[in-house]
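Beneath this line is the structure, given in C-alpha cells, with notes to follow.
None of the figures in this text is laboratory data; all of them are computed from the coordinates on show. Because the structure is predicted, anything quoted here is derived from the model rather than measured. Virtual Cβ from ideal backbone geometry, glycine too; neighbours counted across all protein chains shown.
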C-alpha cells in the first residue's frame, strides 16, 4: 500500500509543487484547500492524488476532511502544512478580527491538523510533519503585524512539536521561505525582476521531500530557503 501524504493548503506554487513531488515519489497525495474546483482540476494533472475541500481555519472542517482521509486511505505518513494567511497592515490598521483570522490559519489550523495525524504516526513510531514558514516568523515588519505574529507563533508551536515528538520517531521540520515564488501573478506585479530573483516552487518541493527522507540520527528542524539575491 502506498504511503499517504496530506498537503494542507494547496494553490498554484508551493502547494501544487509539493503535492506533485510526493505523488511522483509514490505517495497517495491528498490535497486540502477551500477551492474545490481548483483541486479537482489539479488532481487531473497529478497521478495518485485527490483533492478534498477543507477550510483550514475551521476545526470542524479539518476533522471532517481527515475522517474521510483515514477512512479511505488509512493512517497518514506525512503532513505538509502549507497554509498561510497574510495581511499587510500596520498594527494600528490591524483589527482584532484580522489578528484572529491570521492566527486561526497559521497556528490553530496547524495544531488541529497535527492532532488528526498523530494517532497513526504514534502507533507506527514514525512520520513527518513539515511546516512551510516565512521570514516573518523571525521578525515583524511595519506592515505585517498580524502575519508576522502568527508566523512567529507557528514557528514556536513547531519547536514544541519537534521537541515532544522527536522521541516518538516523528520528524517535525520548519522551512523558512524567504523570497517571492515564481508565479504568473508575481511576474505581473514585478515585471522588471530577472528570472533569478524568483524562487522556483519545484525546487522548494524537492527540499521538503528531502527532509522527510533524513535518518533520525541527523534530522533538520529548521531550513532557510532563499534565492542568492535576497536581502537577509
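Evaluate region 137-157: report whether one residue or more is within 27 Å of residue 27 (Cα to Cα), surrounded by fewer than 16 Cβ atoms within 10 Å (Cβ to Cβ) and in contact with a helix residue (DSSP H, G or I) (Cβ under 7 Å, 6 or more places away or on another chain). No, region 137-157 contains no residue that is within 27 Å of residue 27 (Cα to Cα), surrounded by fewer than 16 Cβ atoms within 10 Å (Cβ to Cβ) and in contact with a helix residue (DSSP H, G or I) (Cβ under 7 Å, 6 or more places away or on another chain). Counting only residues that are surrounded by fewer than 16 Cβ atoms within 10 Å (Cβ to Cβ) and under 15 Å from the mean Cα position of the chain (by Cα), region 93-110 holds 0 of them.
Of the residues screened, residue 79 is one that is within 17 Å of residue 132 (Cβ to Cβ), surrounded by 14 or more Cβ atoms within 10 Å (Cβ to Cβ) and touching a strand residue (DSSP E or B) at 6+ places or on another chain (Cβ under 6 Å).
The strands (runs of 3 or more DSSP E) falling completely within region 1-58 that include 1 or more residues that are in contact (Cβ under 8 Å) with a residue 60 or more places away in the chain and over 20 Å from residue 108 (Cβ atoms) map to 4-8.
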